[in-house]
1. What FRET efficiency do you get for Glu273 and Thr138 if R0 is 35 Å and r is their Cβ-Cβ distance, rounded to the nearest 0.05?
2. Pick from Ile100, Ile196, Ile212: which is most flexible by mean-square fluctuation in a GNM of the chain where alpha carbon atoms under 10 Å apart are linked?
3. What chymotrypsin sites (Phe, Trp or Tyr not before Pro) in segment 184-279 are in a loop by DSSP, with at most 10 other Cβ atoms within 10 Å of the Cβ?
4. Which whole-Hz couplings ³J(HN,Hα) result when phi for each residue of segment 131-144 is put into the Karplus expression 6.51 cos²θ - 1.76 cosθ + 1.60, θ = phi - 60°, listed in order with x for Gly and Pro?
5. Hey, of (i) 38, 20, 17; (ii) 49, 22, 15; (iii) 45, 21, 15, which did the structure itself give for semi-axes √(5λ) of the Cα gyration tensor in Å when calculated?
6. In terms of modelled amide H atoms, which long-range or inter-chain residues lie less than 5 Å from the amide H of Val108?
7. Going by a ≥ b ≥ c, the root eigenvalues of the Cα gyration tensor, does segment 114-220 fall in the rounded group (a/c under 1.5), the prolate group (a/b larger than b/c) or the oblate group?
8. Could you identify which residue out of Met188, Met176, Met247 has the top mean-square fluctuation in a GNM of the chain using Cα springs shorter than 10 Å?
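Laboratory data are not the source of any read-out in this text; all were calculated from the coordinates shown. Keep in mind that what you see is a predicted model, and the values were worked out from it rather than measured. Because the Cβ atoms are built from the backbone with ideal geometry, glycine has one as well, and the counts that use them run over all protein chains shown.
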Amino acid sequence: MLILACGPLGNVGDTTDRIRGALESAPFIAAEDSRKLARLTHDLGVRYSGKVISYFEGNENERIDQLTEILLTGADLLVITDAGAPGISDPGYRLIQRAIENGVPIQVLPGPSAVTTALLLSGLATDRFCFEGFSPRTGGARLTWYEKLATEPRTIIFFEAPHRLKESLSDALSTMGPHRRGAICREMTKTYEETIRGTIKELFEWSSEREILGELTIVIEGFDLSSENHSPEKLVELVIAREGAGMSRKDAIALVAKDLDLPKRVVFDAVVENKVREK
């Protein structure tokens, strides 16, 4: 059986009894970091005798065959990552697919999730949300990524590296505008847990004033284009009016977006969809 254990985000007290028992009894344990596994079991007062196999992002493809062979012998294999659920922005889903292909039973031992924990801490809408993993590392790719998310109606959740937070929020500011609400959830369940809530502009200013450390999960509210004044037809009218005053198409779109506090992509798409000819 493939056993997927959702480990604690930081506070070991969140570890379930089922996971404690699985750690003690599993003959094979695929761990993202063997040192963190040793620290976790020490803090839990749990002794494990299973063979530990290193299984992280860098060697995931190399380990698939080995781990599959273990499962095909009929042995249990426990997969545990550094925090949260295996397969969620961590190694795991490829092994899950391989297990399914080979008819190997799968068991999930539920536990903490950074995604849903941050969503609840943010105070933003919980009825519909999407998880986007880690934002792209390079500036150009990240800006394009934000542009595509600018009109996403669901609450958006993603992970960010501390040293990239300021630049990331700068991109969010330029593509989503200053007034969209969001939250930075830092070091969740740990000693220095902190949640900063505010507009994207306020979050950017906060990140610019200090050194950022620790694990970060970012939550941004979804886009709402419900106002009649923001209909595609109205946006096109405003762009045409500004072009008539001598502005370029690019500048007209940018100004309309700024005036209405909309992502530029929304105005641009309205113009393209209505097949407005450039003067």
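1. Efficiency at R0 = 35 Å is approximately 0.75.
2. Top of the fluctuation ranking is Ile100.
3. Within segment 184-279, the qualifying chymotrypsin sites (Phe, Trp or Tyr not before Pro) (loop, at most 10 other Cβ atoms within 10 Å) are Tyr192.
4. Coupling constants for segment 131-144: 10, 10, x, 8, 5, x, 7, 8, x, x, 5, 5, 4, 4 Hz.
5. (iii)
6. Leu4
7. Since a/c stays below 1.5, the shape of segment 114-220 is classed as rounded.
8. Residue with maximal mean-square fluctuation among Met188, Met176, Met247: Met247.
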